[in-house]
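For reference, the structure discussed in these notes is given below.
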Amino acid sequence: MRKLALLLCLCTGVALADSQVKVPANALMRLPVASAALRLDRLEVADHATLMIPAKVTELRIGTLLMGREARIGVAPSDQPLRLEVQDADVGAGAWISAKG
C-alpha cells in the first residue's frame, strides 16, 4: 500500500508540472520552481519583458515558446549545466537567451 501511495504521489507531481507561464510586457519575473526538472506546456515572454531562470533548474522542457520584441530569458550561473529543450518557438526581433559559462 505504501508503494502504491508513493507511486501516486510521484505521478501527481509530474501531472501538475504541466503548466503555462506568462511574463507581461515590460516586467521582470523569476521562474517559480519546485524541482530541478521543469516542464512547461507554454511559455510567453511579452515585448521588453525578462524571465530569470534560477540556478536550481537543470532541465527545462518547453512545448511552445513565444518571445516578443526585445524579450529576454536569463539563466543564473550554476555548477550544473542547463538542458533546454523547446518543441516550437516564435521569437520576436531582438529577443535573446543569455547565460554565463
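Every number here is computed from the coordinates shown, using simple stated rules; none is lab data. Computed from a prediction, not measured in an experiment: that's the story for all the values here. Note that we place each Cβ from the backbone using ideal geometry, even for glycine, and neighbour counts take in every protein chain shown.
Residue count for the range 51-74, restricted to those that are among the hydroxyl-bearing types (Ser, Thr, Tyr) and surrounded by 18 or more Cβ atoms within 10 Å (Cβ to Cβ): 0.
Residues in the range 21-53 that are of a type in the set (Val, Ile, Thr), closer than 15 Å to Gly94 by Cβ and free of Cβ contacts under 8 Å to residues at least 40 places away in the same chain: Thr50 alone. The set of residues from the range 42-101 being small (Gly, Ala, Ser) and closer than 16 Å to Lys22 by Cβ comprises Ala46, Ala49, Gly63, Gly68, Ala71, Ala89, Gly92, Ala95.
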